[in-house]
Amino acid sequence: MNILNQGEVVSVRGSIVDARFEGIMPGIHNLLLAGEDDRIVIEVLSHLNFETVRGISLTQTQGLSRGSPVVDTGDPLRVPVGERLLGRAVNVFGAPIDGKEAIERKELRSVYQSPPPISQRSTTSEIFETGIKAIDILSPLERGGKAGLFGGAGVGKTVLIMEMIHNIVGRYQGISIFCGIGERSREGEEVFREISDAQVLDKTVLVFAQMNEPPGARFRVGHSALTMAEYFRDDARQDVLLLIDNIFRFIQAGSEVSGIMGQLPSRVGYQPTLASELAELESRICSTRSAAITSVQAVYVPADDFTDPAVAHTFGHLSSSIVLSRKMASLGLYPAIDPLQSHSRMLSPHIVGDEHYRTAQMIRKTLAEYEDLKDVIAMLGLEELSEGDQRTVNRARRLERFLTQPFMTTEHFTGRKGKLIRLDDALSGCERILNDEFADYPESSLYMIGDIEEAKI
């Protein structure tokens, strides 16, 4: 560590620390160390004048007071990268939190990396199968793309992420990195156990900043995880699956940092720098010619309001948006994916093929017509509809139930064995329903099944 100079603390207000340096001023993003055994780590965010800096603490500030010595390291936040992180759970600094031995900090990299230049990026479009019917048919994921799982509280975002871990990581040839931003410790423990049970821990890195940690740590943990992912993509030339739960907590941490730094809030109370902070993170997630980082991000939607600035800004960075609906969840249709709100730019004939595209469009058309007819049914009853409309309703209700699926992560709650469905089987099932092959079957026979062949009269 390159120690440049020493200053003293001028003021401490929660996570915000002001420090005076008489010598060389620390640069923006430099780390300052203070407290006993240098346990308090502060990141410089602004220069107040020619001798005073203002920083945000990445650790708790208990015991820090005016006049305390503070040391400039001369370096930004750096984290260990490489194979030795595999199978470990670490914090924002890359230090272990799994109770195992310390990680050798041989190769350290700054968390502030530039995205790869456009000339080095891959231009091919490739589908990334998940084994979940509703996603693979209506909102297919892109290899090297970014997919968002949008939903309010309690509609199943974390469960869907866990199922993707189970389905993808097990047969995935590359490296998986799970980044928990503002996670509950219970959720973190469940993810760790799930990955251990799937026997893929040796190919996975888990990076956490929990809810009880300062906003500075939650704000930077995404950059730490991404730096580790970039090593595997650029140096090891391995595909990386980056799972982030939850991107809203990253924006929220940025809002907290902005507020305590004294910046004037912008729309709906968010930080004025929301768009640039999110772009800084998202622009680094991409494919190069050697390998790809594919990201699946859970996005909490506050009060189910999709016009919220945090949600609206996230939409623009994604190649697939999977919207979870409280209405679907209330009907017991899990995963509670709204087929009419969810979309993917991969759903194009020249990428997925004509058959897949045509089937997906027919499903959407049928479900949209059913949605329009619901008011008429509520007022007059199903019998008052024309014969053609009745057939549409029957198809739509059977499609809704066929697009449900038992999850492996919920087996011990539901008692139903989890299913992983191939895309071809899922498409074949939907086509047969659209052709009225299952018109005489009860709706319940298509609920929570895997392959269409499991339907019984």
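Quick notes
- Residue in segment 369-391 that is touching a Cys at 6+ places or on another chain (Cβ under 9 Å), assigned by TED's automatic domain parsing to the domain that holds GLY450 and part of a loop (DSSP other than H, G, I, E, B) present: no
- Within the set GLY148, GLY144, GLY216, GLY180, the sole residue that is assigned by TED's automatic domain parsing to the domain that holds ALA89, touching a strand residue (DSSP E or B) at 6+ places or on another chain (Cβ under 6 Å), over 17 Å from THR410 (Cα atoms) and assigned to a loop (DSSP other than H, G, I, E, B) turns out to be GLY144.
- Evaluated against (1) modelled with pLDDT of 90 or more; (2) not in a helix (DSSP H, G or I); (3) not aromatic (Phe, Trp, Tyr), ILE363 falls short on exactly one condition, (2).
- Residue match in segment 57-69 (condition: among the β-branched types (Val, Ile, Thr) and under 25 Å from MET211 (Cα atoms)): yes
Let's see how each residue does on (1) over 21 Å from SER176 (Cβ atoms); (2) assigned to a loop (DSSP other than H, G, I, E, B); (3) of a type in the set (Gly, Ala, Ser):
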{"position": "VAL41", "(1), (2), (3)": "yes, no, no"}
{"position": "GLY55", "(1), (2), (3)": "yes, no, yes"}
{"position": "THR124", "(1), (2), (3)": "yes, yes, no"}
{"position": "ALA134", "(1), (2), (3)": "yes, no, yes"}
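- Tally, over segment 278-303, of residues that are over 20 Å from GLU183 (Cα atoms) and of a type outside the set (A, V, I, L, M): 9
- Test: residue in segment 297-313 that is outside any helix (DSSP H, G or I), among the hydroxyl-bearing types (Ser, Thr, Tyr) and not assigned by TED's automatic domain parsing to the domain that holds ASP425: yes
Yes or no, residue by residue, for (1) over 16 Å from ILE337 (Cα atoms); (2) surrounded by fewer than 14 Cβ atoms within 10 Å (Cβ to Cβ); (3) of a type in the set (Ser, Thr, Tyr); (4) at pLDDT below 95:
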position: ASP375; (1), (2), (3), (4): yes, yes, no, yes
position: LEU382; (1), (2), (3), (4): yes, yes, no, yes
position: LEU385; (1), (2), (3), (4): yes, no, no, yes
position: LEU399; (1), (2), (3), (4): no, no, no, no
position: ALA426; (1), (2), (3), (4): no, no, no, no
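- Residue match in segment 103-112 (condition: surrounded by fewer than 16 Cβ atoms within 10 Å (Cβ to Cβ), within 25 Å of the chain's Cα centre (by Cα) and within 28 Å of LEU149 (Cβ to Cβ)): yes
The values are calculated or read from the model by the stated rules, or taken from the named source; none is laboratory data. Source: prediction; values computed, not measured. Note that we place each Cβ from the backbone using ideal geometry, even for glycine, and neighbour counts take in every protein chain shown.
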